[in-house]
Structure formats: structure tokens, C-alpha cells
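Take a look at the structure set out below.
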Amino acid sequence: LASSCFTLLLSAAAAHSLHGRAVGPANAHLAHRITLCAAATEPAAAPPLVNDLMLRAARGQDVETVPVWLFRQAGRHLPEYTAYKAATGRNFLELLQHPADVAEVTLQPVRRYPLDAAILFSDILVVAEAFGLAVEMPGGKGIVVPEPLTSPADFSRLALPHSPDAASALVESRLPHVLEAVRLIRRDLAGRVPLIGFSAAPWTLFYYMVGGSSKKNQEEGERWLSDEPEASRRLLESLRLVVIEYLSMQVEAGAQLLQVFEAMGGFISPESFEEHALPHMRAIAAELKSRHPHVPLMVFPRGASYALDSLKDAGYDVLTLDETVPRPEARALLPDVCLQGNFDPKLLVDSSPEAVRAAAVEMLDALGPQQLIANLCEGLSGKEDPALVTVFIDAIHQYKVK
């Protein structure tokens, strides 16, 4: 396989973080070299999957162990991620442009923890970037769109595909590095666990594209729906087309499950969600199921748990619970579908191992153990203790499945 490589000189401490090997006092002054290789354009055929717990749970099949993965499992809570960023000299957004970097960071949590899936290291706003909007990540403010759309006149700044072919061309021309990363990750996973691809749902992307931030201008999305109905319809339809092609191409590149994030479900009224968000989520599920019937679809309508039953009817295989959903009620209302969630990641910051184990067992008693994928109610913040994350994952796997 053809590839291009470059070598980095690391301190002993950074090499330890990257490779997990101890560095003794006698050689602590030494530097270490690592070689990073760009993704091969045509990876070898993927080996058979060794751990299929996630796939079986998602399909409603019995499992002998509850599968677990974590929202934002790759990235800033891991010391090896911090070391890798320092070694490459790249920030978060810069890493996303390089398939070899994306593959390395995707694999880091799978090396450290006994997780049952890897998820592509990326960001939901790469789709907004593909449309033509700049995305930034100023320190302490999260990811933002610094110049959001202020009126339909701003559509002149965007690529707005209006057909599947045009949407496919947009993904191929502006997100090829993501698809190359998926191919590389599948090769490097070597069948250890399945790979999850993902995208934000159209409403969430729309929210950021017109509001710019999760923390400011939180009413802009609803204002657009009310004041600019035709322009809103046009943008949401274009987003739907691109999300479908983006997710479908991730499957073609090697993703074995798909996760759709409606992360901004809490910033739209139930009435508007029914009219403007849900139809696109239904269309996404229908088209992906038509193209890839054996690939499980997972969905997370954070802040819009009232839509879970409708999303089940739409064809999503796995429904994610946020922190607002009472667990016994969720299982009673949704008895015949795989649920996902909903552990509180705050417990992974500075609580005790005993508290983490007890909370994990409480969650599994209420929701599991069958037709369940253990996960969080929101993504890791970066403050979590990897030792407590290990305790949580081990507690899930040690739970007795009857």
C-alpha cells in the first residue's frame, strides 16, 4: 500500500503517553521518534469482526455482555491525546484535516479501554464547513461559526445542493479526508471492534449555521423558521441531502454503524420539531435503510426525548436517552427497541470508584441488560479521570447478564 510518512521527535514523557510504556529515570532525558504515515488510498480488505456485541445489541439480538462506548471517547480527557497534539503541533480543527491524525486519535481510547466500538474522531460542524461556512474553536468557548447566516441573502456564501447527485459531489469534493480516515481506521482496527460513523441532523446543523454557537443566539433557529420559512425550508432540505450522502459514503468507506446527533433538540419547540426536524430525520432513516439495510442506525435527540417513539417508528434501531428521561419509564414505553445511555459523566470526574460502580449497576438494573448499549447522557467534557472511566467500563462488562 502506498503511503507517505513523516517522523516526529518526542520527549520521553510524550512517548510514554502515546505508547503506554514506562520511562525510567535512567532514560528520562532521551527523546523518542515516532513515524506517522498518511492513509493509503486503497486499504486492504477488512478482516472479520471479532467483537460484534454492538451490532447484535443494536439489532435486538441477545448478548452475553452489555456493550459500551462513550460519546467523545476520543480526545481531550486522554493524556495521550494531549501528548499527540503537542507532538504534531496541530489543534483540534487542524487534526481533523489529516486522515492519519484522525485515525490515531480514534484508536487511542480503544487501545486504553476495553470498549466495544470505535467512533470516528470528527465534529458535527464539518458539514457546515463543507457548505462554505468558517468554523473556529476559540479557547474556552467551544466550537463556533464566527460569521453565521443573518438573512437569506447570505446563501450566496454557500454551496446549496438541491439533488442527491449535487450533494454527493459536495461530500466527495469537500470531505474526502473524512472518508479516507474511515478507510484507514477500519484497516487499523483489524476487526477488533466495529466503527461508528456519524453526522449531526439537519436541525442541529441549521441551528449552528444561523446562530453560530451553542451558547449564544439560541433563539435564532426558531426565528428563522418563523420569519424566513421558505429560506429555512431550502436550507434544511439541502442539509438533509448532504447528511444522507455523507453518512452513506461513510458506510461505503467502512463504517459499520451510524449515529445521528440531534444535539440541539432542546432549542426547538415540540411543534417546530414535528414540522421542521422530524420529517428530515425520517427521510434520512428511510434512505439509509434503503441503501444499507444491515447497518444499524442510532439516534440521539438530546433535549427532545418526546420524539423517541416517533424516531423508533421512523426506522432508527437504537434510541439514545438524555438526562431528562426516567429510566423505568423509558423501558416501559419503549420495550421492543435497543436503548442507549444514559450514565452521568459528571460521576467520572472526581467521585469514588464505588460510586461509579453503584451508579452503573443502577442504570443496568433499570434499562438492561438486553437491548441496551451502555453510554452517557452527554459527551465527555475533558475533565474526566481515565481511571474512573475504566471503572465504569469494567462495571458494565462485569454486570451479570441472565
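For the reader, a short list of remarks on this structure follows.
- Residues considered: 175, 239, 179. Of these, the only one that is more than 16 Å from residue 96 (Cβ to Cβ) and of a type in the set (A, V, I, L, M) is 239.
- Those residues of region 139-153 which are out of contact with any strand residue (DSSP E or B) (no Cβ under 7 Å at 6 or more places or on another chain) and either farther than 19 Å from residue 240 by Cα or part of a loop (DSSP other than H, G, I, E, B) (or both), in sequence order: 139, 140, 141, 142, 143, 145, 147, 148, 149, 150, 151, 153
- Residue 385 in contact (Cβ under 8 Å) with a residue 24 or more places away in the chain, under 26 Å from residue 247 (Cβ atoms) and either under 22 Å from the mean Cα position of the chain (by Cα) or open to solvent by less than 40 Å² (accessible area, probe 1.4 Å) (or both): no
- Qualifying positions in region 62-83 - in contact with a helix residue (DSSP H, G or I) (Cβ under 6 Å, 6 or more places away or on another chain) and touching a residue at least 60 places away in the same chain (Cβ under 8 Å): 63, 65, 66, 67, 68, 73, 75, 78, 79, 80, 83
- Close Cβ contacts (under 7 Å, 6 or more residues apart or on different chains) running from residues in region 271-295 that are in contact (Cβ under 8 Å) with a residue 24 or more places away in the chain to residues that are part of a helix (DSSP H, G or I) and of a type in the set (Asp, Glu) comprise 272/222.
- Here residue 174 meets each of (1) open to solvent by less than 10 Å² (accessible area, probe 1.4 Å); (2) at pLDDT 95 or above with one exception, condition (1).
Rundown of residues vs (1) buried (at least 21 other Cβ atoms within 10 Å of the Cβ); (2) among the polar types (S, T, N, Q); (3) within 13 Å of residue 204 (Cβ to Cβ), yes/no style:
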position	(1), (2), (3)
243	yes, no, yes
250	yes, yes, no
262	yes, no, yes
294	no, no, no
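- Residue, farthest from residue 256 (Cα to Cα), within region 273-292, restricted to residues that are open to solvent by less than 30 Å² (accessible area, probe 1.4 Å) and small (Gly, Ala, Ser): 277
- When 221, 197, 212 are checked against the criterion of being farther than 29 Å from residue 176 by Cβ and either open to solvent by less than 10 Å² (accessible area, probe 1.4 Å) or under 21 Å from the mean Cα position of the chain (by Cα) (or both), 221 stands alone in meeting it.
- Selection count, region 325-367, where residues are assigned to a loop (DSSP other than H, G, I, E, B), open to solvent by 60 Å² or more (accessible area, probe 1.4 Å) and closer than 18 Å to residue 70 by Cα: 1
- Residue 122 vs. criteria more than 18 Å from the chain's Cα centre (by Cα) and either polar (S, T, N, Q) or closer than 30 Å to residue 398 by Cβ (or both): no
- Boolean, residue 346 is under 18 Å from residue 77 (Cβ atoms), of a type in the set (D, E, K, R) and in contact (Cβ under 8 Å) with a residue 40 or more places away in the chain: no
- Among the residues of region 296-322, those identified as surrounded by 19 or more Cβ atoms within 10 Å (Cβ to Cβ) and over 20 Å from residue 61 (Cβ atoms) are 300, 301, 302, 304, 305, 307, 308, 311, 314, 321, 322.
- Taken over region 97-114, the criterion of being aliphatic (A, V, I, L, M) and open to solvent by less than 10 Å² (accessible area, probe 1.4 Å) is satisfied by 102, 103, 105, 110.
- Only one of 302, 331 that is at pLDDT 95 or above and not aromatic (Phe, Trp, Tyr): 302
- Test: residue in region 151-166 that is free of Cβ contacts under 8 Å to residues at least 40 places away in the same chain, hydroxyl-bearing (Ser, Thr, Tyr) and open to solvent by 10 Å² or more (accessible area, probe 1.4 Å): yes
The values are calculated or read from the model by the stated rules, or taken from the named source; none is laboratory data. It should be emphasised that the depicted structure is a prediction, and the values quoted were computed from it without experimental measurement. Backbone-built Cβ (ideal geometry, glycine too); neighbour counts: all protein chains shown. All accessible areas refer to the heavy atoms of the entire protein, side chains included, with ligands and DNA or RNA removed. Shrake-Rupley method; radii C 1.70, N 1.55, O 1.52, S 1.80 Å.
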